[in-house]
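Structure first, then comments.
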Amino acid sequence: MRNDVRALRLSGGLSQAELAVAMGVSRQTVNAIETGRYSPSLTLAVRLARYFERTVEEVFHVDCD
Amino acid sequence: MSTATDGVRGRWGVPLTGVVVGAAMCVASGLNGRWGLGLAMLAIMVAYGALLLVFGGREPVAMLAREDGDERQRAIQARASHISFNLVAVFVVGGFVVDLARGGDGMPWAVIAAVGGAAYIATVAVLSRRG
């Protein structure tokens, strides 16, 4: 699942570690989400979207057939 | 909310538990006069605990040393447990078959398989009720 977490984080001048603290997850988890290796739970996806003041659909992009 | 106490317990909990288990194995083995074997098992558990403490900054090692973690780490733990359970199940069934082929009665493989199977069935039943 593609997402814009990295772009949004960088535009906000945040490090992965800072975003991880804000979300209550590990830095490795933020990295895994940004690189598409891990799809976050619905709860974490909503929290990320709210943190960046976006909707979930604006942050996460599900490629449908 | 995490506290300093949680952090200490999280970092030292598993290593100290390992040392305690190693000490118990050492005493149990020593009571049968096999202190060499007991001390070797204790040394293995102490070395494992030290490994967790020294390399605890690396994520895989930190995950071995703690039972909590974020959602991704818990998912990894669950998948690792699932894969480990399947490998042990294959090993136990294989041991049971080989023991039967050698003329044995399949013990203790059958008991281990029964406990594992019963635990799996009970876990599925409980978790499915919880949704």
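What follows is calculated from the coordinates using simple rules that are stated; it is not laboratory data. Bear in mind that the values here come from a model prediction, so they are computed numbers and not experimental data. Cβ atoms come from the backbone with ideal geometry, glycine included; neighbour counts cover every protein chain shown.
Quick one: in chain B, what % of C-alpha pairs are over 19 Å apart?
The calculated P(r) of chain B puts 69 percent of pairs beyond 19 Å.
If you average 1/r over all unlike Cα pairs in segment B:70-131 and invert the result, what Kirkwood radius do you get in angstrom?
Details: mean 1/r = 0.0753 Å⁻¹.
About 13.3 Å, per the Kirkwood formula over Cα pairs.
Under a Cβ-Cβ cut-off of 10 Å, what is the net charge of the residues other than A:L44 that fall near it, where Lys and Arg count +1 and Asp and Glu count -1?
Computed value for this residue: 0.
Could you give the nm distance between label points at A:T55 and B:L127, where each point is 7 Å from its Cα heading toward the beta carbon?
3.4 nm
Take each complete run of DSSP H in chain B, measure how far its Cα atoms stretch along the helix's own axis, and keep only those covering 20 Å or more with mean Kyte-Doolittle hydropathy at least 1.0; list them.
Helices meeting the criterion: B:35-54, B:109-130.
Over the whole of A:29-41, what's the average partner chain Cβ count within 10 Å per residue? Rounded to a whole number, please. Mind showing how you got there, number by number?
Values: counts 8, 2, 0, 2, 1, 0, 0, 0, 1, 4, 2, 3, 4.
Per residue, the average neighbour count from other chains is 2.
Relative contact order for segment A:2-61: what percent, with Cα pairs under 8 Å and sequence separation of 6 or more? Show your work: numbers first, answer last.
Values: 48 pairs, mean separation 23.4, N = 60.
Result for segment A:2-61 is 39 percent.
Which order do peptides B:84-96, A:4-16, A:21-33, B:14-26 fall in by mean Cβ count within 10 Å, highest first?
A:21-33, B:14-26, A:4-16, B:84-96
Would you pull out the residues with amide H under 5 Å of A:N3's amide H, same chain only if 5 or more places away, H placed 1.01 Å from N?
A:H61
Tell me the Kirkwood hydrodynamic radius of the protein assembly as shown in angstroms, computed as one over the mean inverse distance between distinct C-alpha pairs.
20.8 Å
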